[in-house]
1. Relative to the present Cα-Cα distance, how much length would full extension add between F5 and D48 at 0.36 nm per residue of separation?
2. If you rank E79, E90 by fewest surrounding Cβ atoms within 10 Å, what's the result?
3. Roughly speaking, what % of Cα-Cα pairs in the chain are separated by over 18 Å, rounded to a whole number?
4. Treating the beta-carbon of each Lys and Arg as +1 and of each Asp and Glu as -1, no other charges, what is the dipole magnitude of the chain about its Cα centre, to the nearest 20 debye?
5. If the cut-off is a Cα-Cα distance under 20 Å, which aspartates and glutamates reach K67, setting aside same-chain residues fewer than 8 apart in sequence?
6. Students often get this wrong, so check it: of K46/K93; K50/K104; K37/K104; K17/K41; K18/K63; K37/K100, which have C-alpha atoms separated by over 22 Å?
Amino acid sequence: MSKEFDYEKWVEECYNKKLNQEIDNANKDHAFFLFEKLLDKANRDKEDVKIISHQLLASFYNKLIGKVRKVLDNNNKVEIIVETEVEDSEHNKFYSEFSKFISKASLNFDGLPNFIVVGDHAYRYETDKNSIKAVA
């Protein structure tokens, strides 16, 4: 019998031990978990956060409001650039809460990869926006 790989446990270990490890991920649950851990790292290590996203999907980003608020409460900077206008912005709680930290990308930035960077060394870089494939 083979032992099933526990992705979240492995990411937690990398986080807790501050390992310099490349982490592949290709589904929304893994992406969300990595975002949470990266935001936790920003708080733990007092580091700034930069996010570039094609769009701020409420179904994804609304669940990160508490984590982003903690980053800001910890006196860290948060900068967010979106490629497209936020649809239904009055009902997007993330956008409503953090709109002063969100900028629309210039026209010459079409096709930017989605990514989050924390400090100088931690990131999640989406290698294929259509399939949520990324490395962190």
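What follows is calculated from the coordinates using simple rules that are stated; it is not laboratory data. For clarity, every value in this text was computed on a predicted model and none was experimentally measured. Neighbour counts run over all protein chains shown; Cβ positions are idealised from the backbone, glycine included.
1. 12.4 nm
2. Fewest-to-most ranking of E79, E90: E90, E79.
3. 55
4. I would put it at about 400 debye.
5. E8, E12, E13, D29, E36, D40, D45, E47, D48, E79, E97, D120
6. Exceeds cut-off: K46/K93; K37/K104; K18/K63; K37/K100.
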